[in-house]
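Data block below; observations after.
The values are calculated or read from the model by the stated rules, or taken from the named source; none is laboratory data. Remember, predicted model here, so these are calculated numbers, not experimental data. So basically every Cβ, Gly included, is an ideal-geometry build from the backbone, and we count neighbours across all protein chains shown. Note: accessible area is taken over every heavy atom of the protein model, side chains too, but ligands, DNA and RNA are not part of it. Shrake-Rupley method; radii C 1.70, N 1.55, O 1.52, S 1.80 Å.
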Amino acid sequence: MINQQQLWDDETARKYDTPGEGMFAPEVLGPTVEVLSELAGDGPAIEFAIGTGRVAIPLSEAGVQVSGIELSHAMISRLREKASERNIPVVQGDMTEALAGENFSLAFLVFNTIANLLTQDDQVRCFQNAARHLAPGGRFVIELWVPQLRSLSPGHGGTVEESEPGYLLVDTYDVLNQHVISHHVRFAPELADGQEARIGRTPHRYVWPSELDLMARLAGFELESRWADWDGSEFTGESRSHVSVYRLTSP
């Protein structure tokens, strides 16, 4: 099993931020921050797996008091280059058990990160930990992809998710354990013949929306809203991802 601390190391943290592009693009971050700010209202928010502050920093700049939990020392160090502990306090630890306060109005876990927890038990514990942080009626927001098992051809255990010059993304599935490993193949630009490449692997446990809803119920939440994206578009059987908003109904 891949160690998460080793996965999110200094090199990964240095390369994580892509200002203005990819998941840092304004058209991605803008709607995310707008929705989270509205859900937080006048109360404080906590981000599980805060990373380098991709969402937390602009959310804080929008006027929301933001705290965080993060497992990786390297990611926290990168965050500290951009925001002080006073402005965005962070507890170093596992998001299934680390405590960073109480009575938050909003907890959120975005960009598929709950799938970094590789067992069902740990994913349930993550919901339970979110409940411990929230005030009664508080919300827990999760952004997550929908497993694309329909893309698997009979007899094949993998899919090509992206293919572009210099980069190839292949996902391989273990459907028995609901595990998927993303293989990121990057070809060195100086090697025109493409004979050498660098491969990085990230493991995930995929979760169906219905399974996520049951985890939420076990922790005292109920589903309040579900959209296909941060723009509030309808979630359908063809949606490849979802933003789910859970409200805490019992302590």
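Write out, first by first residue and then by second, each pair whose Cβ atoms fall under 8 Å of each other, whose residues are 6+ apart or on separate chains, and whose first residue, in the stretch 205-226, is within 19 Å of R132 (Cβ to Cβ) and assigned to a helix (DSSP H, G or I) while the second is at pLDDT below 95 and β-branched (V, I, T).
The qualifying pairs do not exist here.
I'd like to verify a number: residues in the stretch 26-50 that are without any contact (Cβ under 8 Å) to a residue 60 or more places away in the chain and either open to solvent by less than 40 Å² (accessible area, probe 1.4 Å) or more than 24 Å from R226 (Cβ to Cβ) (or both), how many?
Going through the stretch 26-50 one residue at a time, the tally reaches 6.
Inspect all residues belonging to the stretch 169-186 and state whether any of them is under 18 Å from F108 (Cα atoms) and open to solvent by 80 Å² or more (accessible area, probe 1.4 Å).
Looking through the stretch 169-186, none of the residues is under 18 Å from F108 (Cα atoms) and open to solvent by 80 Å² or more (accessible area, probe 1.4 Å).
Residues in the stretch 196-251 that are open to solvent by less than 20 Å² (accessible area, probe 1.4 Å), hydroxyl-bearing (S, T, Y) and touching a strand residue (DSSP E or B) at 6+ places or on another chain (Cβ under 7 Å): how many?
3
Going by the structure shown, is V141 under 19 Å from the mean Cα position of the chain (by Cα), in a strand (DSSP E or B), touching a residue at least 60 places away in the same chain (Cβ under 8 Å) and over 30 Å from A188 (Cβ atoms)?
Yes, satisfied.
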